[in-house]
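The values are calculated or read from the model by the stated rules, or taken from the named source; none is laboratory data. Predicted model, so just to flag it, every value in this text is computed and none were measured. For neighbour counting, all protein chains shown are included, and Cβ atoms are generated from backbone atoms with ideal geometry for every residue, glycine included. With ligands, DNA and RNA removed, areas are computed over all heavy atoms of the protein, side chains included. Shrake-Rupley method; radii C 1.70, N 1.55, O 1.52, S 1.80 Å.
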Amino acid sequence: MYEFDWSSIPGALPLLAKGLMVTFEVTLTAIVVGIVWGTLLAVARLSSNKLVSFAAASYVNLFRSVPLVMVILWFYLIVPQLLRSVFGDALGDIRLASALIAFSLFEAAYYSEIIRAGIQSVARGQIAAGLALGMTYAQTMRLVVLPQAFRNMTPLLLTQAVILFQDTSLVYVIGLSDFFGTAYKVGDRDGRLVELLLFAGAIYFIISFAASQLVKRLESRYAR
Amino acid sequence: MKKTLLAASIGLAVLSAPVLAEGTLDKIKASGSITLGHRESSIPFSYYNDQQQVIGYSQEVMLKVVEAIKAELKLAAVQTKLMPVTSANRITLVQNGTVDIECGSTTNNTERQRQVAFSNSIFVIGTKLLAKKTSGLKDFPDLAGKNVVTTAGTTSERLLRKMNEDKKMAMNIISAKDHGEAFLTLESGRAVAFMMDDALLYGEIAKARKPADWQVMGTAQSQEAYGCMMRKDDPAFKKVVDGAIAKLQTSGEAEKIYNKWFMNPIPPKGLNLNMPISAELKALFAAPNDKAFD
Amino acid sequence: MNYNWNWGVFLSETPSGGTTYLAWLFEGLQWTVMLSLSAWLIALLVGFVIGVLRTVPHRGWSTLATAYVEIFRNIPLLVQLFLWYFVMPELLPEAWGMAFKQSHPLTQQFLAAMVCLGLFTAARVAEQVRAGIESLPKGQWAAGQALGFTLPQIYRYVLVPMAARIVVPPLTSEFLNIFKNSAVATTIGLIELSRQAQQLVDYTAQPYEAFIAVTVLYLAINVVVMFLMRRLEQRTRVPGFIGGGQ
């Protein structure tokens, strides 16, 4: 039977905490940018302008058809050159920058689908009402439709955020030291991979489970 | 094979135009910073100690090179940014300008010279095997039909695949992402042997749970020279790097660094690799050069 | 950008000889498809069982099924894969663990990835199946009881056949997901599509061609799966029931 030896974890806790912060940084950035960009995509997709809606639909479908692993690798390839041309050499860890951009753009595609459904769940009459009051289409969206839509889809957006939190572990493929990457490296360094992987799995489970229970609570409150 | 090489060389010659128009020295001067590529688990060349700092033989050489660059550019300080690379992505990262120089455990060979430039060599190794003392293995022919691990993107991987093909050995070759993962594959019993550069194999023994169980063995399949990688077609930068390395080697300082890493206890477990300096490396230190061995 | 395109690279011979890079790509495609299809079978089987158990009026079984779903949904897929590949063999009795670890590397990688993907997706399938069963009108249940069916018979002859047809549309997206998620197997070294993309980059130093080719292949998989599932949806649609689970 395997003999467990958990002794390398206490000493590695500060490192692991640092990794967890990176995980949260990627998650939060992707949520914020993803929702803003996703909203724009959703509105564009519902636009009556054929070209605009086609462009938005292509973006969403492309990102939704490609594995996240490929998207992360793509951006790790492209981003260094892109960033250099924009910011010169004043950039920090390229892996972090690539991951932030990749996750934001990738999540936007998923968020835009949720948001589009949310917008469509608002009765069409409301748009008509807004327009009848003399508001422009943009004003109607911003003041009438979107506030209601977001209320309806908050639970779905949060559920997606929990999935995203778990997906950030895939930055492993570009060697970024997020929580999982750090756990793996510590396990590799100390020859204690088994313990570190179990530990990482447990932490991810606790955080995701707690978060999804919260979402469920919220959901039942919204669904009065 | 010759035809392939010819075709490959024509192909590569066409596409290996430099990504950056400006020289690396200008870039360093303008930004006041340099990005160094290092490895994460190439013991004892370039790896993390338990404070996650990069240490090792090649890392020390690279820092000496940075000193020389600073002096050359007459800069008071140069900010160094560290970028970990893997065997599989190091060439791409040098080419696309993510890292300016990489000193780790990269073999200088003619194939790679079409994609990147190499400095004066910093080390000489032979590619051998690591296996359990009790495994009963002695040399490469004993590996027929067995699981053998190596690291993806290394010269060993290619040699091993070619040997498997040419001698119909029916080995199952596992390509691990990094030396650490390769050794894990070996230690956990997934492979019976690990083919890699001998110095790195000694390094892996240093972090094994039971170092006494392991042995480096076999006939060296190739002699290889390690160099620092830089972007191609940047003679000004190469000249500074080469000069710094040559000075290190002829002044006897390189041998001191060698002794520190190969003849003394090193992190992470304070093990002594006890690998006396080879005749080939002595010859290199006496007459620094950037020749590949193939 | 200063980049030299060379699409001819796919036809050039690989360094170990005997084959082209294009053949590597197709080998990767085969592994991706094989892995996804076999994992999908596991996901359907386990997913239906767990989904049904979640709805049965029996505390023990439904708690067990709920625990399964929560565990497999709240641990990242990558972590699960590493647990199957690196941890599981160490926890098995030593003889079994060694037998697994000394088998052909591809076998190990494929089995670990297949079980991992299958059980991971099963949790999601289970949720759709549960939603499907719960969306059935209570009358179906009552009708079963009126006919004198036992509990297993109600499930066997009434609820599951209905649910199986309603969940087809939501399962389409899970089926698409399994192809995308299969790319995670690259991390344990299985030579599926995205691994081959990285190998190509390593060997040819032509990253854009390699990545574009692989991206197009993933898009193609998507289109084919979508087309097939549409056909299936049309054939299995239950008149009077719109859509499925949610």
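Restricting region A:129-138 to residues that are in a helix (DSSP H, G or I) and open to solvent by 60 Å² or more (accessible area, probe 1.4 Å), which is farthest from A:VAL215 (Cα to Cα)? My answer is A:ALA132. The number of residues in region B:192-206 being open to solvent by less than 10 Å² (accessible area, probe 1.4 Å), closer than 16 Å to B:PHE140 by Cβ and aliphatic (A, V, I, L, M) comes to 4. Would region A:78-99 turn up any residue that is among the hydrophobic types (A, V, I, L, M, F, W, C), modelled with pLDDT of 95 or more and more than 20 Å from A:MET153 (Cα to Cα)? Checked region A:78-99: no residue is among the hydrophobic types (A, V, I, L, M, F, W, C), modelled with pLDDT of 95 or more and more than 20 Å from A:MET153 (Cα to Cα). Just one of the listed residues (A:VAL194, A:VAL215) is farther than 22 Å from B:ASN49 by Cα, among the aliphatic types (A, V, I, L, M) and surrounded by fewer than 24 Cβ atoms within 10 Å (Cβ to Cβ), and it is A:VAL215.
The set of residues from region C:57-83 being farther than 29 Å from A:ASP188 by Cβ, open to solvent by 20 Å² or more (accessible area, probe 1.4 Å), of a type in the set (Val, Ile, Thr) and touching a helix residue (DSSP H, G or I) at 6+ places or on another chain (Cβ under 9 Å) comprises just one member, C:THR66. Among the numbered conditions (1) more than 11 Å from chain A (Cβ to nearest Cβ); (2) open to solvent by less than 50 Å² (accessible area, probe 1.4 Å), the only one that C:LEU37 does not meet is (2). Counting only helices (runs of 4 or more DSSP H) that sit wholly inside region B:145-219, those with at least 3 residues that are away from chain C (no Cβ under 13 Å) and at pLDDT 90 or above are B:198-206. Among the residues making up region C:177-232, a single one is open to solvent by 20 Å² or more (accessible area, probe 1.4 Å) and in contact with an Asp or Glu (Cβ under 7 Å, 6 or more places away or on another chain): C:ILE191. Quick check: is even one residue across region B:225-244 surrounded by fewer than 21 Cβ atoms within 10 Å (Cβ to Cβ) and farther than 25 Å from B:GLY37 by Cβ? No; the residues of region B:225-244 include none that is surrounded by fewer than 21 Cβ atoms within 10 Å (Cβ to Cβ) and farther than 25 Å from B:GLY37 by Cβ. Going through (1) touching a residue at least 24 places away in the same chain (Cβ under 8 Å); (2) open to solvent by 40 Å² or more (accessible area, probe 1.4 Å); (3) of a type in the set (A, V, I, L, M) one by one, C:VAL52 falls short only on (2). For first residues located in region C:7-33 and touching a residue at least 12 places away in the same chain (Cβ under 8 Å), partners that are open to solvent by 40 Å² or more (accessible area, probe 1.4 Å) and assigned to a loop (DSSP other than H, G, I, E, B) and lie 6+ apart or on another chain with Cβ distances below 7 Å form the pairs C:TYR21/C:SER12. If you check B:LEU82, B:LEU75, B:LEU137, B:LEU93 for being within 12 Å of another protein chain (Cβ to nearest Cβ), over 30 Å from B:ALA286 (Cβ atoms), open to solvent by less than 50 Å² (accessible area, probe 1.4 Å) and hydrophobic (A, V, I, L, M, F, W, C), only one passes: B:LEU93. Residue count for region B:43-65 under the criterion of being within 13 Å of another protein chain (Cβ to nearest Cβ), within 13 Å of the chain's Cα centre (by Cα) and among the β-branched types (Val, Ile, Thr): the result is 1. The set of residues from region C:5-27 being farther than 17 Å from B:LYS162 by Cβ and either modelled with pLDDT under 90 or open to solvent by 50 Å² or more (accessible area, probe 1.4 Å) (or both) comprises C:TRP5, C:ASN6, C:TRP7, C:GLY8, C:VAL9, C:LEU11, C:LEU22, C:PHE26, C:GLU27.
When A:ILE114, A:ILE174, A:ILE119 are checked against the criterion of being β-branched (Val, Ile, Thr), away from chain C (no Cβ under 14 Å) and in contact with a helix residue (DSSP H, G or I) (Cβ under 8 Å, 6 or more places away or on another chain), A:ILE119 stands alone in meeting it. Checking each residue in region C:103-148 for being over 20 Å from the mean Cα position of the chain (by Cα), touching a residue at least 12 places away in the same chain (Cβ under 8 Å) and open to solvent by 30 Å² or more (accessible area, probe 1.4 Å) picks out C:GLU134, C:SER135, C:GLN140, C:TRP141, C:ALA143.
Of all the residues in region B:40-73, those that are in contact (Cβ under 8 Å) with a residue 60 or more places away in the chain and touching a His at 6+ places or on another chain (Cβ under 7 Å) number 2. Considering only residues in region A:139-165 that are among the polar types (S, T, N, Q) and open to solvent by 30 Å² or more (accessible area, probe 1.4 Å), the one that is modelled with the highest pLDDT turns out to be A:THR159.
Out of B:LYS146, B:LYS168, B:LYS128, B:LYS162, report the one residue that is within 30 Å of B:LEU284 (Cβ to Cβ) and out of contact with any helix residue (DSSP H, G or I) (no Cβ under 9 Å at 6 or more places or on another chain). Criteria check complete, one pass: B:LYS162. A:SER98 meets the stated requirement of being touching a Pro at 6+ places or on another chain (Cβ under 9 Å), touching a residue at least 40 places away in the same chain (Cβ under 8 Å) and under 29 Å from A:PHE75 (Cβ atoms). Considered as a group, the residues in region C:40-80 that are of a type in the set (Ser, Thr, Tyr) and within 14 Å of another protein chain (Cβ to nearest Cβ) include one that is nearest to the chain's Cα centre (by Cα), and that residue is C:TYR68. Assess whether A:SER53 counts as being more than 15 Å from the chain's Cα centre (by Cα), under 30 Å from A:ARG192 (Cβ atoms) and among the small types (Gly, Ala, Ser). Judged against the criteria, A:SER53 is not a match. Residues of region A:179-196 being assigned to a helix (DSSP H, G or I) and either on the phi > 0 side of the Ramachandran plot or among the hydrophobic types (A, V, I, L, M, F, W, C) (or both), which ones? Once the filter is applied, which keeps residues that are assigned to a helix (DSSP H, G or I) and either on the phi > 0 side of the Ramachandran plot or among the hydrophobic types (A, V, I, L, M, F, W, C) (or both), region A:179-196 yields A:PHE179, A:PHE180, A:ALA183, A:VAL186, A:LEU193, A:VAL194, A:LEU196.
I'd like to check something: does region B:263-277 contain any residue that is at positive phi and either open to solvent by 20 Å² or more (accessible area, probe 1.4 Å) or not hydroxyl-bearing (Ser, Thr, Tyr) (or both)? Checking region B:263-277: at least one residue is at positive phi and either open to solvent by 20 Å² or more (accessible area, probe 1.4 Å) or not hydroxyl-bearing (Ser, Thr, Tyr) (or both). What do you reckon, is B:GLU40 surrounded by 19 or more Cβ atoms within 10 Å (Cβ to Cβ), over 21 Å from B:LYS232 (Cβ atoms) and within 14 Å of chain A (Cβ to nearest Cβ)? The answer is yes for B:GLU40.
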